[in-house]
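Colleague: Please read through the structure below; I'll follow up with questions.
The values are calculated or read from the model by the stated rules, or taken from the named source; none is laboratory data. Please read all numbers here as calculations on a predicted model, not as lab measurements. A quick note on method: Cβ atoms are made from the backbone with ideal geometry, for glycine too, and the neighbour counts reach across all protein chains shown.
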C-alpha cells in the first residue's frame, strides 16, 4: 500500500499593502509554488485581518494538498510591527492602530507548530532583496523606499534593526537643512522635499514664486509631470530634481556613515524614473560621507519591483524557521 509522503519544506509569505493583499507559497529555495492576490476595496479593521487569515489558510491547504510541509508564515505590513506586544499599526487601514494580527492568524491556524512572523514593509523589502534581489549575499544592506513617503529597511550583520518601538528607519524625518519650518511637522524635512509629493510640491512652489516653465502648469502638477518635464530640460523640473539629488545624496551619506552597508537598494514609485540618477546621488554622497565607507557601498535599484515585500515576507518566515 502506498504512503502519501510529505517530503518538501515550504513557507507562506503575505504582503499586505494599503490597498491590496498578495500571498505566495514559496519553496525554501524561493520558487513560487502558488500565488494569489486581491484588492482591499475599502475593507477595514477585522475585515482586513480576516482576508489575511483566509489567504494563509488557502495557501496552507494548497501546500498540504501538494505534499509540502509548512512550519512558518511571514507577513509584511504597511506600517509598524510592534514586536513587544505583537500588534500592528497601519495608518492606511482603518482600525489598525494596535491591531492584534499575530493573535488572529495564530488562532485561525490553530496549530502551534506553525510560527507566524510579522515585519514592516520597510524591513521586508530589504529581506526580499537579500533573498532574491540586488542585495543577494549581503549581510549589511539598506532598502530606501521613496514614494508617497520615505522610509528605509535596515539589516545589519544579518539582523533586522527595528529599534525600541519598531520605528527605526523613519528617515523621512532626517534633518538635512535649517532653519526648522512647521511645514515639516507631518512628515519631516527630507520627506517634505524629496518624496513623490515633495517633488510636485517643489515645482508648485517655484511656479508660484514666478519661475517660468514650458511644460508645467501651476495647480495641476504630479510627480510624473515633473519627471516628464525634466526629460525635456524644463528649467523648473530640472531645478526641483537637482535639489532632490542633493538631498538623496546627503541622506545616503548619513546612512553610509552610520551603518556602513554593502549596498543601498532604492525602490518605491520615485525609483522608478529616478534610478537614472544613482551615479549622481553617489557622487553627491561622496562630499558628505565617511570617505572609506562611501567608496565601498554600491547603490542599485530594486530587482523585484512590486514584489519586494512578498519575497521579503517569505524570507522572513524562512530566516526565522532555520535561524540563519
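Colleague: Which of the following residues is over 23 Å from residue 127 (Cβ atoms) and in a loop (DSSP other than H, G, I, E, B): 95, 47?
Modeller: Of 95, 47, the one residue that is over 23 Å from residue 127 (Cβ atoms) and in a loop (DSSP other than H, G, I, E, B) is 95.
Colleague: Taking the condition of being farther than 15 Å from residue 9 by Cα and buried (at least 21 other Cβ atoms within 10 Å of the Cβ), how many residues in the stretch 57-75 meet it?
Modeller: Summing the residues that are farther than 15 Å from residue 9 by Cα and buried (at least 21 other Cβ atoms within 10 Å of the Cβ) in the stretch 57-75 gives 1.
Colleague: Can you pull out the helices (runs of 4 or more DSSP H) entirely within the stretch 211-324 that have at least 1 residues that are not assigned by TED's automatic domain parsing to the domain that holds residue 168?
Modeller: Values: elements: 223-230, 235-259, 278-288, 291-296, 308-322.
Passing ranges, in order: 308-322.
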